[in-house]
1. So for the stretch 171-192 (the condition being aliphatic (A, V, I, L, M) and more than 28 Å from ASN280 (Cα to Cα)), does at least one residue qualify?
2. Kindly establish whether TYR169 is at pLDDT 90 or above, under 21 Å from ASP293 (Cα atoms) and crowded, with 17+ Cβ neighbours inside 10 Å.
3. Would it be correct to say that ILE192 is outside any loop (DSSP other than H, G, I, E, B) and open to solvent by less than 20 Å² (accessible area, probe 1.4 Å)?
4. For the stretch 217-235, state whether one or more residues are part of a strand (DSSP E or B) and surrounded by 13 or more Cβ atoms within 10 Å (Cβ to Cβ).
5. Kindly provide the set of residues from the stretch 33-48 that are modelled with pLDDT of 90 or more, out of contact with any Ser or Thr (no Cβ under 9 Å at 6 or more places or on another chain) and either assigned to a loop (DSSP other than H, G, I, E, B) or more than 17 Å from THR84 (Cβ to Cβ) (or both), ordered by number.
6. In the stretch 143-156, which residues are over 18 Å from THR212 (Cα atoms) and out of contact with any Phe, Trp or Tyr (no Cβ under 8 Å at 6 or more places or on another chain)?
7. Tell me which residues, restricted to the stretch 52-85, are aromatic (Phe, Trp, Tyr) and assigned to a strand (DSSP E or B).
8. Listed residues ASP112, ASP51; which is surrounded by fewer than 23 Cβ atoms within 10 Å (Cβ to Cβ), out of contact with any Ser or Thr (no Cβ under 6 Å at 6 or more places or on another chain) and acidic (Asp, Glu)?
Amino acid sequence: QAEDGIRDAQESRGLGDVYKRQVFDTGSSNLWVPSKKCHLSVACLTHQKYDASKSSTYVANGTAFAIPYGSGSVKGFISQDTVTFAGLNATKVLFGEVTDLKGFAFWFAKFDGILGMAWQTIAELDIPPLFETLYQQGQISDNSFSIYLTDTIGDKGGKLVIGGVNPAYAASEFRYFPLSSQTYWAIGLDDIKLDDTSYGVQDMVAIVDSGTSLIAGDKKIIDKMKAKFPTQINCTDFSGLPTLTFVLSGFEYTLQPKDYIVSFMNGDQLQCILGIAGINLPSQLSNLIILGDVFIRNYYTPVSYTHLRAHETPEHLVCRLLLEKKKLAHETRH
């Protein structure tokens, strides 16, 4: 098992002999970095770029790839190299060198690229995710990882545990939820409520996605919920705002207003916004809710590729998502 501060892991992860900052994204499965050959995209000018000539373990591949995101898109080609982070080494890793990086969000992002941690089934070109490669190469013995985020955006203290969990971040027993498919970290969502008012629809699915900052869902659902909030959020008074509850397999996970309101400095002014966003989704995905960092930072969130309970046989193996309320920040920060 390996553990590293999320910020430390982002800033010390090696790709060959070249270091890059990555966002650990449970909502995608590919690893990519801006390439030295990215000349025309403005976003590439604001980030570190991968230079294959400086890596002693680089192997050319050249296969074209492209990945669309909700906030932009990337295009480029595949290369092979050794990846190191949190003291672990994965060899012969296939990753994307991005030569075309589009999207306003990428311009000012503090990360250089994305390290996908979802399933291989949704990976572009069917490339094995880095985490799976670490497991297959014997770098970790437990095919699971867990994420602990601090209460405040930007604070140090967030943790990524590779190959298991750290009980220090847990406040009670874990709960196990079967995944709806081996694609995203997606589980059945019984209901979503503001106080006691339900906004759920039939066959809802929740995706736990560390690569999404907010809680997001179809605009038809979210717009009805946002109508219950004032146009402007008063940063000094959350009284009168409702609780936000997600019901997973009969268990209620409730966020208080202080948990789902996002505060930030705009110049010298403190501003607050609702950490819930509506997005335009095709009709077949209108039952989808994305539990992004606003949700994850309130719970210690481990996920397991191959969790098997003692009483289950291999043919009943179901991959599971584990959620547990974290301890208070002062109890867990180092």
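1. yes
2. no
3. Yes: the conditions hold for ILE192.
4. Yes: the stretch 217-235 contains one or more residues that are part of a strand (DSSP E or B) and surrounded by 13 or more Cβ atoms within 10 Å (Cβ to Cβ).
5. Scanning the stretch 33-48 gives no hits.
6. LYS156
7. PHE65, TYR69, PHE77, PHE85, listed by residue number.
8. ASP51
The values are calculated or read from the model by the stated rules, or taken from the named source; none is laboratory data. Predicted model, so just to flag it, every value in this text is computed and none were measured. Counting neighbours? That spans all protein chains shown, and the Cβs are built from the backbone with ideal geometry, glycine included. In case anyone asks, the SASA skips ligands and DNA or RNA and just uses the protein heavy atoms, side chains included. Shrake-Rupley method; radii C 1.70, N 1.55, O 1.52, S 1.80 Å.
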